[in-house]
Amino acid sequence: MRDNFTQLYVHYVWATWDRLPLITPDIQEAIYATIIGKCNNLKCTVIALGGIEDHLHLLIGFPSTLTVAEIIKEVKGSSSHLVTHQLKPGVFFKWQGSYGAFTVSRDAIDPVAKYIRNQAVHHRQKSIIPEWEYVCDPVKPGSKTQSPGG
């Protein structure tokens, strides 16, 4: 084999500052497009992107030349810049500094992607997966959870 071969997948979760509902319908599509564009520029493959008004989930395949931290720094930076300089200059928008990152096996890509694409439903039904949401929304006692396939 002359070229490196890797299959690296990561699921990111990050929230808006203080969990404020800043990802409004009028800017959501542009934010998603910017995130996808930045990932493409970094030679990452976006598998799924979804969220609600106060946080996002992103599942990507990425090259071994990038670190998990480098990718999220670029993604959060470019999307925040878009909102604060083009979409809503002068209006407060900021991501929180932290994020969650979870490795994903090849066999788990489909269920994780399904979970990400159905964020609004999971949050409305309170069927979140705590391990993937704790960075953004600590699980409250009695919360209903489900497996990654749901």
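The values are calculated or read from the model by the stated rules, or taken from the named source; none is laboratory data. Predicted, not measured: the structure shown is a model, and the values here were computed from it. Positions of Cβ are generated from backbone atoms using ideal geometry, with glycine treated the same way; all protein chains shown enter the neighbour counts. Side chains are part of the model used for accessible areas, which takes the heavy atoms of the whole protein and leaves out ligands, DNA and RNA. Shrake-Rupley method; radii C 1.70, N 1.55, O 1.52, S 1.80 Å.
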Number of the exception - Leu22 against (1) under 20 Å from Arg117 (Cβ atoms); (2) at pLDDT 95 or above; (3) of a type in the set (A, V, I, L, M, F, W, C); (4) not in a helix (DSSP H, G or I)
(1)
Of residues in region 49-65 being open to solvent by 40 Å² or more (accessible area, probe 1.4 Å) and touching a Leu at 6+ places or on another chain (Cβ under 9 Å), the one farthest from Phe92 (Cα to Cα)
Ser64
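Out of Val10, Val46, Val75, Val83, I need the residue that is open to solvent by 10 Å² or more (accessible area, probe 1.4 Å) and either among the hydroxyl-bearing types (Ser, Thr, Tyr) or at pLDDT 95 or above (or both). Which one?
None of the others qualify; the one that does is Val46.
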Among the candidates Gly90, Gly51, Gly97, which residue alone is under 14 Å from the mean Cα position of the chain (by Cα) and either assigned to a loop (DSSP other than H, G, I, E, B) or over 22 Å from Arg19 (Cα atoms) (or both)?
Gly97
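Check whether at least one residue in region 39-47 is basic (Lys, Arg), touching a helix residue (DSSP H, G or I) at 6+ places or on another chain (Cβ under 9 Å) and assigned to a loop (DSSP other than H, G, I, E, B), and report yes or no. Write out each step before concluding.
Just the residues of region 39-47 that are basic (Lys, Arg), to begin with: 43.
Retained after the next criterion (residues that are touching a helix residue (DSSP H, G or I) at 6+ places or on another chain (Cβ under 9 Å)): none.
Checking region 39-47: not a single residue is basic (Lys, Arg), touching a helix residue (DSSP H, G or I) at 6+ places or on another chain (Cβ under 9 Å) and assigned to a loop (DSSP other than H, G, I, E, B).
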